Amino acid sequence: MPFSLTIVTLIHFLWEYRRIRTYIHILNNYGCCFRALGSSETEKDRKTLVNRTCVSVQAEHVSTRVQFGNKLETYGVVQEKIAHMALRQYVTESIAYLLSGNMDRGSVEYQLEAAISKIYASESAWWVADECIQLHGGMGFMTECGLERVMRDLRIFRIFEGSNDILRLFISLTGLQYAGKQLREVEKSVKGMDFGVIMSEGLKRTRRLVGSSSAPSVAEHSHKDLSVQAEQLSQLVGDFGTTCEKLLLTHRKNIIHEQFLLQRLANAAIDIYGVAAVISRASKSLSEDVPTGGYERLLTATFCQQAFDRTNHTLQSITSSKEVKLDAAMSDIAKKVVEHGEVVPVHPLGL
C-alpha cells in the first residue's frame with residue numbers, strides 16, 4: 001500500500017473536516033503507508049514515478065540482498081528495524097481510522113486526537129524513511145531508488161500545520177486545563193461539605209495508595225485475547241490522571257512555564273492514545289475473524305508492551321527529583337550557548 005501519499009493526506013484531513021470524504025476515499029484505496037516517489041531520466045524519456053511503499057521496498061530488499069554470506073533478513077538488527085516499521089505503520093493507520101471514525105459519528109471535539117495523530121504520523125513517516133535509506137546503504141541516496149525523494153518531501157510535515165513541538169504543548173496544556181476544571185469542582189465540593197464527592201475522591205485516592213487503578217476498565221470493550229493489553233491501558237490511564245493531578249497541585253498556573261514536563265506529558269498521552277487505537281482495531285479484526293487477526297494481535301501486544309514500559313518511565317520522570325535537576329542542567333547549558341553565541345568549551349587544539 002502506498003505510504004507517503006497518505007501520510008500527506010492524513011495530516012491535512014485531520015485538520016479540515018470539509019475534506020474528510022476525499023481523504024477517506026484515499027485511505028480506502030491506498031492505506032496509511034509511505035509511497036516511495038522517485039523518477040529517473042534518460043536522454044529519450046522519463047520513467048513514471050515509482051509507486052511502492054517503503055515497507056514493501058524494504059521487504060524486497062532484505063529478502064534478496066546478501067551480505068557476509070546471508071540474506072539481510074536473517075540478521076537480528078535488520079529484523080528489529082523491519083518490525084519497528086511494521087509497528088509504526090499499524091499504529092499510524094489505527095490512530096487515523098479511530099479518529100476519522102469518531103469524526104464520522106458526529107464528534108466535534110477532536111482537536112487533541114488530531115494533534116496526536118499528526119505528530120505520530122509525521123514522526124513515524126520520517127523514521128521509517130530514514131531507516132529504509134539506512135538499510136539500503138549508499139544506494140538509498142540514489143534517485144533511482146526513490147527513497148531520497150521521500151525523505152526530502154517528508155521533512156516539512158513535522159513543521160507545517162502546527163509544528164510538532166507546539167502541538168505537544170497544546171496537547172498537554174489543553175488536557176491539563178480540563179483536569180484543572182475538575183480539581184476546582186472538587187475543591188468547591190469539599191469547601192461546601194459535599195459528603196458524596198468527598199467520599200468518592202477519598203476512595204479514588206485510597207485505591208491509588210494501595211496500588212489499585214482508579215481508572216475505568218476497558219476489558220469489556222476489547223476482545224478477550226487482548227485482556228492483558230486492556231488492563232495495561234486502564235493502568236496507564238489511571239497513572240496518567242494521577243500525574244496530571246500532581247503537576248497541577250505542585251505548579252498550579254505556573255505549569256505553563258514547565259515545558260520540559262509538558263513535553264513528557266504529551267509523549268505519554270500520544271502513547272496512551274496509540275495503545276487505545278490498536279486495541280480497538282485488533283479487537284474488531286479478531287471479533288470478525290479477519291485472516292490477519294492473529295498477526296494484528298501480535299502487533300498490538302508488542303506495541304502495547306513497549307508503550308506501557310515507555311509511558312511508565314515517562315510518567316515517573318515527570319515527578320522525579322533527579323529528572324528535575326537534569327532539566328535545570330539542560331536549561332543552564334542552553335543559556336550558556338545563547339549567551340556566548342557559540343559552543344562554550346574552547347577547542348582542544350586551541351583553534
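Brief remarks on what is shown
- Consider the stretch 239-264 and keep the residues that are aliphatic (A, V, I, L, M) and in contact with a Leu (Cβ under 7 Å, 6 or more places away or on another chain). The one that is surrounded by the fewest Cβ atoms within 10 Å (Cβ to Cβ) is Ile256.
- Within the option set Ser100, Ser172, Ser94, Ser117, being part of a helix (DSSP H, G or I), closer than 23 Å to Gln58 by Cα, hydroxyl-bearing (Ser, Thr, Tyr) and open to solvent by less than 40 Å² (accessible area, probe 1.4 Å) holds for one residue only, Ser94.
- Residue within the stretch 126-135 that is at pLDDT 90 or above and surrounded by 21 or more Cβ atoms within 10 Å (Cβ to Cβ) present: no
- Glu296 more than 26 Å from Leu169 (Cα to Cα), part of a helix (DSSP H, G or I) and touching a helix residue (DSSP H, G or I) at 6+ places or on another chain (Cβ under 7 Å): yes
- If you go through the stretch 269-289 and keep only what is under 9 Å from the mean Cα position of the chain (by Cα) and in contact (Cβ under 8 Å) with a residue 40 or more places away in the chain, you end up with Ala269, Ile270, Asp271, Tyr273, Gly274.
- Neighbours by Cβ (under 7 Å, 6+ apart or cross-chain): first from the stretch 143-166, under 14 Å from Ser117 (Cα atoms); second assigned to a helix (DSSP H, G or I) and aromatic (Phe, Trp, Tyr): Arg158/Trp126
The values are calculated or read from the model by the stated rules, or taken from the named source; none is laboratory data. Predicted model only: the values in this text are computed from it and were never measured. Note that each Cβ is placed from the backbone with ideal geometry, even for glycine, and that neighbours are counted across all protein chains shown. Areas reflect the complete protein model, heavy atoms only, side chains present, ligands, DNA and RNA absent. Shrake-Rupley method; radii C 1.70, N 1.55, O 1.52, S 1.80 Å.
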